[in-house]
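To start, the structure under review is shown below, and the notes come after it.
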Amino acid sequence: GATLLRRADLAMRAARRTGAAVVRFAGAVPESEPAPPPLGLAAELDDAMRLGQIDLVFQPKVGMAPVEFHGVEALVRWHHPRFGMLPPDQFIPAAEQTGVVAALSLHVLELALARQREWRAAGSRIPVAVNLSAISLLDPALPDTIAQALNRHRTPAGDLTLEITESVIVAGLAQAAAALDRLHAAGVRISIDDFGAGFTSLAFLGRLPVAELKLDRLFAGALADDGERGDDGIILRSLIGLGRSLGLTVVAEGVESAPMWRALADLDCQSAQGFFVSRPLPAAELLDWVRNAGWRALAAPAGAG
């Protein structure tokens with residue numbers, strides 16, 4: 001169970017980076033895949049969490065029509081004493097292979113809820129999305145653990161979104177459905193991250209309490225020049241239409257320019273995230289961005305021709 005989910009997730013990530021439609025896990029990443037960080041780095045994560053070396057930045061997510069603030073995604077960073085600031089792709093793969101990623105996921109959740117509590121105390125209610133690891137979904141205590149964390153931080157369940165990758169859902173549908181149904185019943189929102197990257201069956205969408213689809217950034221990248229390029233543009237239009245027809249919020253990731261923003265708005269995409277909206281911000285800067293309504297500058301590009 002846990003091994004299958006980890007291997008499916010690793011293969012999906014390899015497929016995204018290499019461009020392959022299918023990647024078979026064969027005990028190691030493909031030859032064209034960059035070598036993962038040493039497993040010894042993952043062994044340091046327990047101490048990193050205990051010593052406060054793990055921190056979060058927050059990337060805003062903004063509605064496109066109308067232009068309005070929808071919340072933030074919490075992104076983990078490791079302030080390593082020897083290697084400096086490490087982004088997640090330098091330590092998450094090793095953490096997944098060793099299983100420590102489950103503890104890291106819960107640690108990130110605690111950090112995100114603590115920041116939310118601080119923002120509420122400062123007068124701003126900011127919804128936060130947190131990535132959930134594959135192995136966490138296999139823990140039958142997960143819904144209770146999350147409910148206890150929400151209660152401890154006095155956070156309304158609706159202000160938390162859990163993001164889960166498409167490959168994780170498909171590889172462990174039965175286990176995922178049981179956990180996600182309980183979380184949904186408690187009021188937590190569920191989002192499918194990197195949707196469309198795995199080329200998997202869409203049947204699971206009707207079996208899970210999903211509120212949001214986050215389209216893989218590769219599709220938004222196809223719109224960088226001419227608004228709709230080849231097969232990727234056709235697929236993107238179809239995925240947005242699918243999500244909207246199912247009553248889901250559709251979010252485009254990796255929106256890097258005004259042309260990309262305008263093209264997505266023309267395709268009736270509801271929400272966007274990326275450097276054009278805002279770079280990931282530390283907690284204090286994010287609070288200033290929200291107070292100053294930083295998303296208002298995006299209204300002109302959204303309506304431009």
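Okay, here's what the table says:
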| item | result |
| --- | --- |
| Any chance residue 53 is among the polar types (S, T, N, Q) and under 20 Å from residue 290 (Cα atoms) | no |
| Test: residue in the stretch 102-120 that is part of a loop (DSSP other than H, G, I, E, B), open to solvent by 10 Å² or more (accessible area, probe 1.4 Å) and under 27 Å from residue 43 (Cβ atoms) | no |
| Test for residue 130: is it in contact with a Ser or Thr (Cβ under 7 Å, 6 or more places away or on another chain) and open to solvent by less than 40 Å² (accessible area, probe 1.4 Å) | no |
| Residue that is most open to solvent (accessible area, probe 1.4 Å), among those in the stretch 254-275 that are in contact with a Leu (Cβ under 8 Å, 6 or more places away or on another chain) and without any contact (Cβ under 8 Å) to a residue 60 or more places away in the chain | 259 |
| Residue among 97, 90 that is among the polar types (S, T, N, Q), surrounded by fewer than 19 Cβ atoms within 10 Å (Cβ to Cβ), under 27 Å from residue 40 (Cβ atoms) and touching a residue at least 60 places away in the same chain (Cβ under 8 Å) | 97 |
| In the stretch 45-66, the residues that are buried (at least 20 other Cβ atoms within 10 Å of the Cβ) and among the charged types (D, E, K, R) | 61 |
| Options 153, 79; residue that is closer than 16 Å to residue 280 by Cβ and open to solvent by 10 Å² or more (accessible area, probe 1.4 Å) | 79 |
| Members of the stretch 72-101 found to be charged (D, E, K, R), assigned to a helix (DSSP H, G or I) and over 30 Å from residue 262 (Cβ atoms), listed by number | 96 |
| Any hit, the stretch 128-138, residues being of a type outside the set (Asp, Glu), at pLDDT below 85 and assigned to a loop (DSSP other than H, G, I, E, B) | yes |
| Filter result for residue 69 (open to solvent by 20 Å² or more (accessible area, probe 1.4 Å) and assigned to a strand (DSSP E or B)) | yes |
| Matching residues, the stretch 90-122, being acidic (Asp, Glu) and modelled with pLDDT under 90 | 96 |
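One line per residue, one yes/no per condition, for (1) surrounded by 16 or more Cβ atoms within 10 Å (Cβ to Cβ); (2) at pLDDT below 75:
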{"residue": "199", "(1), (2)": "no, yes"}
{"residue": "205", "(1), (2)": "yes, no"}
{"residue": "209", "(1), (2)": "no, no"}
{"residue": "217", "(1), (2)": "yes, no"}
{"residue": "222", "(1), (2)": "yes, yes"}
{"residue": "229", "(1), (2)": "no, yes"}
{"residue": "242", "(1), (2)": "yes, no"}
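The rows are residues; the columns are (1) within 18 Å of residue 103 (Cβ to Cβ); (2) modelled with pLDDT of 90 or more; (3) in contact with a Gly (Cβ under 6 Å, 6 or more places away or on another chain).
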residue: 4; (1), (2), (3): no, no, no
residue: 20; (1), (2), (3): no, no, no
residue: 26; (1), (2), (3): no, no, no
residue: 32; (1), (2), (3): no, no, no
residue: 42; (1), (2), (3): yes, no, no
residue: 65; (1), (2), (3): no, no, no
residue: 77; (1), (2), (3): yes, yes, no
residue: 88; (1), (2), (3): yes, yes, no
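The values are calculated or read from the model by the stated rules, or taken from the named source; none is laboratory data. Since we're looking at a predicted model, the values are computed, not measured. All Cβ positions, glycine included, derive from the backbone under ideal geometry; neighbour counts span all protein chains shown. What goes into the accessible areas is simple: the full protein's heavy atoms, side chains included, and nothing from ligands, DNA or RNA. Shrake-Rupley method; radii C 1.70, N 1.55, O 1.52, S 1.80 Å.
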